[in-house]
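Everything below concerns the one structure shown next.
The values are calculated or read from the model by the stated rules, or taken from the named source; none is laboratory data. Predicted model, so just to flag it, every value in this text is computed and none were measured. Note that we place each Cβ from the backbone using ideal geometry, even for glycine, and neighbour counts take in every protein chain shown.
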Amino acid sequence: MSDLTTPATRPADTASGPERGRRIDGKAFAVSLRKQIAADVVAFHAEYGVTPGLAVVLVGNDPASEIYVRNKALETHHVGMRSFMHMLPETTTEAALLTLIGRLNADPEIHGILVQLPLPNGIDARRITNAIDPKKDVDGLGEVNAGRLSLGLPGLIPCTPLGCLMLLQSELGNLRGLNAVVVGASNLVGKPMALLLLNEGCTVSIVHIDTINPQALTRTADILVVATGVSGLIRHDWVKPGATVIDVGITRVPTASGKTKLVGDVAFDEVAPIAGRITPVPGGVGPMTIACLLQNTLTAARLSLSESA
Ligand code: GUN
């Protein structure tokens, strides 16, 4: 345990001059991560004769989800893994989906399983998520992996928070002792993000819908991670000068010219001059999510071997 009586000195405190508004290039980071994964897949195959396989299941025809799962399949191929797509009709029953998951759980060629959310009404997402074998739960959303994360044990970690953590560590190095504030308490991002930061030694607060005076908390943050789905929620006066800001939000909004564009939960133009470093939208966290899914699939393939040895 660290000595609580000794004030921590962070590199950011002692830097010669404050840097402001440095863009964190998630796209470039994801490219190099995918390159590393592709090399690891080759080495893994050479050593064990196994090609990692990822099954992605989509129920219904939500257009945004269709794009996401097609991109996942494409990128899976690009890093040399096998991709198994299951596009099921909107009318699929929960029982039929559970039967498919049972088959995928038993298939030795499949190391990772992802069921795209949201699911149509009438299907219990929690029951589906928990039916996935925890060793193949590359989304890290099942109760076993969520519990392992909350206990600080190794496991499969949800992809978006894992991507945020990688960006933070690459920018800041060791995160120990930093004040982190996570805005948004979803099971998909906010809660696992807070636990990851806690496990890295940060002092963590979660701002949520019932938080009184959220600004007072966000202004204490050395690390501010925002995942609410409310575009432009975080204004300049919510941010501590020099903070590292990670924007998970992604909302499509109309522009004056009649087109559309993607925006985040952070009002980028006004926050960037105050923040030390900040992820843009698009090109920040988004590209990291699929890269981390591929990383988790490789981890799951390794797990499958170590546990059958
Ligand atoms: N829908 C939006 N994000 C995600 C995700 O990270 N995992 C799954 N399964 N569905 C999603």
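Does I234 meet the test of being under 20 Å from P161 (Cα atoms) and over 19 Å from the mean Cα position of the chain (by Cα)? Even if it seems obvious, please write down each step before you answer.
Details: under 20 Å from P161 (Cα atoms): yes; over 19 Å from the mean Cα position of the chain (by Cα): yes.
Against the criterion (under 20 Å from P161 (Cα atoms) and over 19 Å from the mean Cα position of the chain (by Cα)), I234 qualifies.
Considering only segment 102-132, state which residues are part of a loop (DSSP other than H, G, I, E, B) and touching a Gly at 6+ places or on another chain (Cβ under 7 Å).
Step one: list which residues in segment 102-132 are part of a loop (DSSP other than H, G, I, E, B), which gives 107-111, 116-124, 132.
Once the filter is applied, which keeps residues that are part of a loop (DSSP other than H, G, I, E, B) and touching a Gly at 6+ places or on another chain (Cβ under 7 Å), segment 102-132 yields E109, I110, H111, P120, I132.
Any residue at all in segment 233-241 that's among the basic types (K, R) and outside any loop (DSSP other than H, G, I, E, B)? Give the derivation first.
In the first step, residues of segment 233-241 are kept if they are among the basic types (K, R); the result is 235, 240.
Remaining after also requiring outside any loop (DSSP other than H, G, I, E, B): none.
No, segment 233-241 has no match at all.
Among the numbered criteria (1) in contact with an Asp or Glu (Cβ under 7 Å, 6 or more places away or on another chain); (2) under 30 Å from T76 (Cβ atoms), which single criterion is violated by C292?
Every listed condition holds for C292 apart from (1).
Spot the failing condition for V41; the list is (1) of a type outside the set (S, T, Y); (2) closer than 17 Å to M81 by Cα; (3) at pLDDT below 80, and only one is missed.
Condition not satisfied by V41: (3).
Residue-wise test of (1) of a type in the set (A, V, I, L, M); (2) in contact (Cβ under 8 Å) with a residue 60 or more places away in the chain; (3) away from the ligand (no atom under 16 Å from the Cβ).
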site	(1), (2), (3)
P254	no, no, yes
G258	no, no, yes
V263	yes, no, yes
A267	yes, no, yes
G286	no, yes, no
I290	yes, yes, no
N296	no, yes, no
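Going residue by residue through segment 80-89, is there one that turns out to be in contact (Cβ under 8 Å) with a residue 24 or more places away in the chain and part of a helix (DSSP H, G or I)?
Here is the first cut: in segment 80-89, the residues in contact (Cβ under 8 Å) with a residue 24 or more places away in the chain are 80-89.
In the following step, the residues that additionally are part of a helix (DSSP H, G or I) were identified as none.
Looking for residues that are in contact (Cβ under 8 Å) with a residue 24 or more places away in the chain and part of a helix (DSSP H, G or I), one finds none in segment 80-89, hence no.
Would you please name the residue that is nearest to D25 (Cα to Cα), looking only at residues in segment 156-184 that are away from the ligand (no atom under 16 Å from the Cβ) and assigned to a loop (DSSP other than H, G, I, E, B)?
Within segment 156-184, the match that is nearest to D25 (Cα to Cα) is G173.
Which condition does L224 not pass, out of (1) in a strand (DSSP E or B); (2) of a type outside the set (V, I, T); (3) surrounded by fewer than 22 Cβ atoms within 10 Å (Cβ to Cβ), if it passes all the others?
Here L224 meets the rest and fails (3).
When segment 268-309 is examined, which residues are found to be in a loop (DSSP other than H, G, I, E, B) and either over 25 Å from W238 (Cα atoms) or among the small types (G, A, S) (or both)? Talk me through it step by step, then tell me what you get.
Residues of segment 268-309 in a loop (DSSP other than H, G, I, E, B): 272-276, 279-285, 309.
Those that are in a loop (DSSP other than H, G, I, E, B) and either over 25 Å from W238 (Cα atoms) or among the small types (G, A, S) (or both): A272, A275, G276, G283, G284, A309.
Does G190 count as within 16 Å of the ligand (Cβ to nearest atom), in contact (Cβ under 8 Å) with a residue 60 or more places away in the chain, in contact with a strand residue (DSSP E or B) (Cβ under 8 Å, 6 or more places away or on another chain) and not polar (S, T, N, Q)? Show your work before the answer.
On the way: within 16 Å of the ligand (Cβ to nearest atom): yes; in contact (Cβ under 8 Å) with a residue 60 or more places away in the chain: no; in contact with a strand residue (DSSP E or B) (Cβ under 8 Å, 6 or more places away or on another chain): yes; not polar (S, T, N, Q): yes.
Here the answer is no, as G190 does not meet what is asked.
From the set of residues in segment 106-119 that are more than 23 Å from the chain's Cα centre (by Cα) and within 22 Å of C159 (Cβ to Cβ), which is surrounded by the most Cβ atoms within 10 Å (Cβ to Cβ)?
Kept after step one, since they are more than 23 Å from the chain's Cα centre (by Cα), are these residues of segment 106-119: 106-109.
So of that shortlist, the ones also within 22 Å of C159 (Cβ to Cβ) come out as 107, 109.
On the way: D107: 14, E109: 12.
By that ranking, first place goes to D107.
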